[in-house]
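The values are calculated or read from the model by the stated rules, or taken from the named source; none is laboratory data. Given the structure is predicted, the values throughout are model-derived calculations rather than measurements. All Cβ positions, even for glycine, are placed from backbone atoms using ideal geometry, and neighbour counts span all protein chains on display.
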Amino acid sequence: MSFDQALRLTSILLATASFIGLTLGANLPEWLVLLTGSALILTLLKTLGLRPIGRLETYTTLSATTWNILLVIGFLGFWVDMLWISGELLPAGVHFLLILMVIKLFNLQLRRDYLHLYAISLMAILASAALTTDLWYLPIFLAYLLTGVWTLLLFQLTKKSEDTAGPATVISQRRDIPESQSCVTPQLFWLANGLALCAFGLTLVIFFAIPRVSAGFLQKGHGENLRTSGFSDTVNLGAIGPIKRDPSVVMRVELPDRPAHEMGRFYVRGVTFDRYDGKSWTNRLTHRRVLSERSPGTFTLRQNQSRTPSSLGPALRQTILLEPLDTPVLFAAPYAETVSGQFLTVQSDPTGALYLPFPSSSRIEYSVLSRVNLVLPADLQPQSVSYPESVVRHFLQAPVQSERIAALAREITQTKLTSYEKAAAIEHYLSHNYRYSLDVPLTDQEHLLEEFLFARKTGYCEHYATAMAIMLRTIGIPTRLVTGFLATEWNEYGNYYVVRQQDAHAWVEIHLPHSGWVMMDPTPVVSENAGGAAPGWQAFGRMMDNLRLRWNRFFVQYSAADQLAVVRELKVSTASVQSRAWDSLSTYLNPVATSLGQATRYLAEGNLRLLGAFFGLTLIGLGTIIWLAWKRPWTRGSHSKMEAREEQAITHLYKKMIHHLEQRGIAKPIATPPLEFIRIIHAEWNSASSTVATITDLYCRARFGHAPLTKEELLLAKDNLRQLMLLDRPKSAARPC
C-alpha cells in the first residue's frame, strides 16, 4: 500500500475512532449518527479502491461553493440547536462538530484539509472523554492513539510543498521517488507500532503523574442523575416498591477490614422519618448543621462522643463509590462517626443522616467509619421510663387509627416485660405471619396500614417497617422509620458489595434508655434479587463490574492522595526488589567467598599445588568466556545463511535482467564475463548501460567477492531493474533477426 493511500486510510480511521467515542458517550440524534456513519463508510470504501463507489462519486461531486453553503447552514443550525433545541453548549457543539466532519470527509484534497480533519477528530475524542467515565472509553482511546501515531508519521512522510499559485495540489507521491521507498514496508510497520507503544507508555506516566481535576469547560451538566425515591423529606407509603424492580447500580461498598466469609446482609443507612399521617412519612427534623472538619477532607459527627467504647460495636470502615443520584444524601452503614472525601463541606441532621449541599452530577468516592449501638444489659431489665417532651413529640406520635392496631400490639407483647423484648416480639410476629411480595396494588383507602395488617397480609419492606413502628408507638416505645439499602450481592472478584436500586429497603430504629437507637428489621428474609441468569453469566457480570470499579478508581477518580499512595507503593516495591536482589547476589557470592577462604587456608597450610590447580582452572574458564564473547561462533551460521539469502536475491535479479535483455534483442553469450557484457550493452543500448552496470556490480560483489549486501543495496538493484523494464530500446539499435 502506498503512503498516499495509507495516509488517507488512517485519517478516516482516526475520524471513525472519535465518532464511535461520541456515539457511545453522547445521546446523538439518529439522523446525525446515520449521516456521519454513512460518510465514513463511503470514504473508506473509496479509499480501498472500490470501483462502484468511484463511479458513484463522479455523479455526486459537489462544487466548493456548494460545500461552503452547506457549512454556513450547519453553523446557523448550531445556534438554533443551542438556543432552542438542545439548550446547552456541549450537545450543540458536538452536533456541529460531526457536521464539520462529514463536510471535511468529502473534501480531503489539500494537506490543510487533512489537518482540519485531525483537529475535528481531536475535539471529538476530548468531548467523548468529557461525556463519559465508563470502561468502554479505554479501547476507543487506545485505537485513537495507535491510529494517530500512524497518521502523523505518514503525514510527515508524504510532506511536500503546495503550489498555491497553480491548481489545487492533491496529496500524492512524487514520481521520481522509487516505489520501494513510497510503500508501507515491514520496517515502517513495526516502527510505527513501536512509536505508538512508546506514546502509550508516556501517556500512562503522565496520567499517573498528574491527578484528576474535576473541573473543565466540557464537563457534563446536571439532569442525568439516577432517579431515586425514599430519600426526600416526605415519602408516601408504597413509593419504594416501584424502584425495587430497577437493577441500576447505585453504589459499590468496600469493607477492607471484614473477611469475605463474614459477608451477609449489609444495611446502608440513608434518611430517617419521625411523623406518619396514615399515608406518608415526613421528616420534621430537617435542620442541618455543618460537621466540624477534624483534618482536611475528614468530617466528624458528635453523636457517639459521649458513649463509652464498651457500649459501641466494633469499628466498620467502608469505602463507597456512589453513582450520581438526584438526592444529596450520603449513604453509610449505621452509625457514621467520621466521613472522609473530597468535599468542601458535609452536613448532618439530628438523626445522624449525612448530606451534601446539593446532589452530585458525577461519581463520588468517600470513606466512612461507623459503629453500631450495642444493647446494654440495663435495657434487658424491667424498668419504668419517662421520655422527654421532644422524644414524645417526634417518636411517639401515631395517627388516629383503629383500636385494632393497638390491640394487636398489646396482644403480641402481653407476656413481655422490657421494651427490647416487646420490640423483638413484634418483629418476629410480622416476619413470620405475613408474606413478602412486590405485586401489591396502590390503593386510595384511608387506612392503608389496617388493610396490610388485617386484610391483605402481603406487602414489602415499607409496609412491614411502618406497621412495626406504629405498633411500637402505640405501646409507648419511641421508634423511627429508616430508608436506605439492604445489600446482598457480594462481588468476590473485587471484594465489595454491589448496591442496586432494587436493594432499596426500609426498617425501624427503636430507642432504648441506656443503649440509644438500635435498628430492627421486621421484613421477612427473601431472595429479592434472584434472576434467571446462568451462574456463568453472573460471574462474568461481576468480573466486568470489578473492571468498571477499577477503571473509576485508578483513572476517573485518580487524585493526589492516590498519587501519593502509588509513590509509597513504588518505594516499598523498590526496597523489596533491592532486598531480594541482594539476597540473590549473596547466594551466588557465598560459594565464591567460601572458596577463597579455603584457598587462603590451603595457602597458609602449604598446599601450593592444589592452589595452583584452582587458579589455573579459573584462568582457563575466564579465557574461554572472553574468547566466546569476542568470537561469537554461534553467529557464524546465521551470518552465512543471511549472506546466502542476499546472494540468492541478487542472483535472481541478475537473471531477470539477462532474460529481459534477451527479449529486447541483446543476448548474453555463454562465455562472456559479466563486465564484458556491460561493454556490449553500452555499444548496442547506451541508455540502459548505467542500470545494467549497477545491477552487475552488485551481482559480482555478492557472487564472486562474497561481500554482504545491505537492504538498501538490494532495494537499489530492484529499482534499477524496474527502470530498465520501463525503458524503450530504439528500433534502429535493434539487431536484425
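Table: residues versus (1) of a type outside the set (A, V, I, L, M, F, W, C); (2) within 25 Å of PRO186 (Cβ to Cβ); (3) assigned by TED's automatic domain parsing to the domain that holds PRO186.
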| site | (1), (2), (3) |
| --- | --- |
| ILE658 | no, no, no |
| PRO674 | yes, no, no |
| ILE681 | no, no, no |
| GLU684 | yes, no, no |
| ALA693 | no, no, no |
| PHE704 | no, no, no |
| ALA707 | no, yes, no |
| LEU716 | no, yes, no |
| GLN723 | yes, yes, no |
In the range 453-485, how many are under 29 Å from ALA353 (Cα atoms) and assigned to a helix (DSSP H, G or I)?
-> 14
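Residues checked against (1) assigned by TED's automatic domain parsing to the domain that holds LEU105; (2) more than 15 Å from ILE140 (Cβ to Cβ); (3) among the polar types (S, T, N, Q):
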| position | (1), (2), (3) |
| --- | --- |
| ILE12 | yes, yes, no |
| THR16 | yes, no, yes |
| PHE19 | yes, no, no |
| GLU30 | yes, yes, no |
| ALA39 | yes, yes, no |
Residues located in the range 106-132, provided they are assigned to a helix (DSSP H, G or I) and β-branched (Val, Ile, Thr) = ILE120, ILE125
Residue selected from the range 490-515 under the condition touching a helix residue (DSSP H, G or I) at 6+ places or on another chain (Cβ under 6 Å) and of a type outside the set (A, V, I, L, M, F, W, C), by the criterion surrounded by the most Cβ atoms within 10 Å (Cβ to Cβ) = HIS505
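Matching residues to (1) of a type outside the set (Asp, Glu); (2) modelled with pLDDT under 90; (3) touching a Phe, Trp or Tyr at 6+ places or on another chain (Cβ under 8 Å); (4) outside the structural domain of LEU14 (by TED's automatic domain parsing):
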position	(1), (2), (3), (4)
LEU97	yes, no, no, no
PHE106	yes, yes, yes, no
GLN109	yes, yes, no, no
HIS116	yes, no, no, no
LEU122	yes, no, no, no
LEU126	yes, yes, no, no
Is it true that ALA423 is closer than 17 Å to THR474 by Cα, out of contact with any Pro (no Cβ under 6 Å at 6 or more places or on another chain) and small (Gly, Ala, Ser)?
-> yes
Residue pairs meeting the criteria (Cβ under 7 Å; at least 6 apart or on separate chains; first farther than 14 Å from SER128 by Cα and in contact (Cβ under 8 Å) with a residue 40 or more places away in the chain, in the range 74-98; second in a loop (DSSP other than H, G, I, E, B) and of a type in the set (Gly, Ala, Ser)) | GLU88/GLY221
In the set THR338, THR345, THR327, which member is under 26 Å from ARG548 (Cβ atoms) and either in contact with a Ser or Thr (Cβ under 6 Å, 6 or more places away or on another chain) or part of a loop (DSSP other than H, G, I, E, B) (or both)?
-> THR327
Hey, among the residues in the range 357-397 that are among the hydroxyl-bearing types (Ser, Thr, Tyr) and modelled with pLDDT under 90, which one's surrounded by the most Cβ atoms within 10 Å (Cβ to Cβ)?
-> SER360
